[in-house]
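*Asks:* Sending over a structure as structure tokens; questions will come in a sec.
The values are calculated or read from the model by the stated rules, or taken from the named source; none is laboratory data. Worth saying up front: this structure is predicted, and the values here are computed from it rather than measured. Backbone-built Cβ (ideal geometry, glycine too); neighbour counts: all protein chains shown. With ligands, DNA and RNA removed, areas are computed over all heavy atoms of the protein, side chains included. Shrake-Rupley method; radii C 1.70, N 1.55, O 1.52, S 1.80 Å.
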Amino acid sequence: MSDIFKNYLSLTGALSAEEVNFSANFFKPISLKKGDFFIREGDTCRYIGFIARGAIKAYAIDKEGKENITCFKFENEFATSFPEFVAQEKSRRSIRAIEDSIIYGISYPDYLHLLGEVSSWNGIIKSVMEREYSQKELYLLNYNNKSAVDKYRHVLMNEPMLVRRIATQDLASYLSITQRSLTRAKGQLHRPKEL
């Protein structure tokens, strides 16, 4: 499984083969069963994790006790709450496995040590954070102030993996609609056209 992580690092083009092997030593495999927490809201954000297998969701709990899912991450993506990790503060959201997952995690002290030893990691982290920012911007553009049908249509066309791998209630939370609205939207889009 660590080969997946090393392969990802090699494909960034930022690290030499020696730096890839050296870097991989800092990331320890964490096995999560579906439903296990990688980061729990209110706990200090101690890790950045690379998802080698599986999927996670990030969410915060609102005043009514409802999950508000902000993103999903899959294989070959990094997961953490970056602002809280860098500041070593309590996380404002939870990150939880939605499938059995293997995540390669690095602790904050090891992260600082790695940055000091391999300066190219600054570029890798910068590109990960830029991708994270871009995903948030696209989410706002594609899902804010749109009808349930338009939101679901966008998911089908641009993020079909969500339909295949995400539970209906989680997808509805992510789209900021009720499960009933999502079911209706699916019905409208999948209804056979009349002649």
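*Asks:* Filter the range 11-57 down to the residues that are part of a strand (DSSP E or B) and of a type in the set (Val, Ile, Thr) and list them by number.
*Replies:* Across the range 11-57, the qualifying residues are 30, 39, 44, 48, 51, 56.
*Asks:* Residue 45 is checked against (1) over 24 Å from residue 167 (Cβ atoms); (2) open to solvent by 10 Å² or more (accessible area, probe 1.4 Å) and fails just one. What number does that condition carry?
*Replies:* (2)
*Asks:* Has the range 91-99 got any residue that is more than 28 Å from residue 16 (Cα to Cα) and in contact with a Cys (Cβ under 6 Å, 6 or more places away or on another chain)?
*Replies:* Checked against the condition, which is being more than 28 Å from residue 16 (Cα to Cα) and in contact with a Cys (Cβ under 6 Å, 6 or more places away or on another chain), the range 91-99 yields at least one hit.
*Asks:* Moving on. Between 169, 179, 188, which is under 27 Å from residue 48 (Cα atoms) and of a type outside the set (Lys, Arg)?
*Replies:* Answer to the selection: 169.
*Asks:* I want to confirm something. Restricting to the range 131-169 and keeping residues that are of a type in the set (S, T, N, Q) and within 15 Å of residue 71 (Cβ to Cβ), which single residue is modelled with the lowest pLDDT?
*Replies:* Step by step, filter the range 131-169, then rank; the result is 142.
*Asks:* If a residue has to be open to solvent by less than 50 Å² (accessible area, probe 1.4 Å) and either at pLDDT below 90 or under 15 Å from residue 154 (Cα atoms) (or both) to count, how many in the range 170-180 make the cut?
*Replies:* 5
*Asks:* Going by what's in this entry, would residue 193 be described as modelled with pLDDT under 90, charged (D, E, K, R) and either over 15 Å from the mean Cα position of the chain (by Cα) or assigned to a loop (DSSP other than H, G, I, E, B) (or both)?
*Replies:* Criteria met by residue 193.
*Asks:* Run down 157, 129, 161 and say which single residue is more than 26 Å from residue 23 (Cα to Cα), in a helix (DSSP H, G or I) and either open to solvent by less than 90 Å² (accessible area, probe 1.4 Å) or among the hydroxyl-bearing types (Ser, Thr, Tyr) (or both).
*Replies:* Selected residue: 161, the only one of 157, 129, 161 that is more than 26 Å from residue 23 (Cα to Cα), in a helix (DSSP H, G or I) and either open to solvent by less than 90 Å² (accessible area, probe 1.4 Å) or among the hydroxyl-bearing types (Ser, Thr, Tyr) (or both).
*Asks:* Among the residues of the range 58-95, which ones are open to solvent by less than 40 Å² (accessible area, probe 1.4 Å), part of a strand (DSSP E or B) and within 17 Å of residue 40 (Cβ to Cβ)?
*Replies:* 58, 59, 60, 69, 71, 73, 79, 94, 95 - these are the residues of the range 58-95 that are open to solvent by less than 40 Å² (accessible area, probe 1.4 Å), part of a strand (DSSP E or B) and within 17 Å of residue 40 (Cβ to Cβ).
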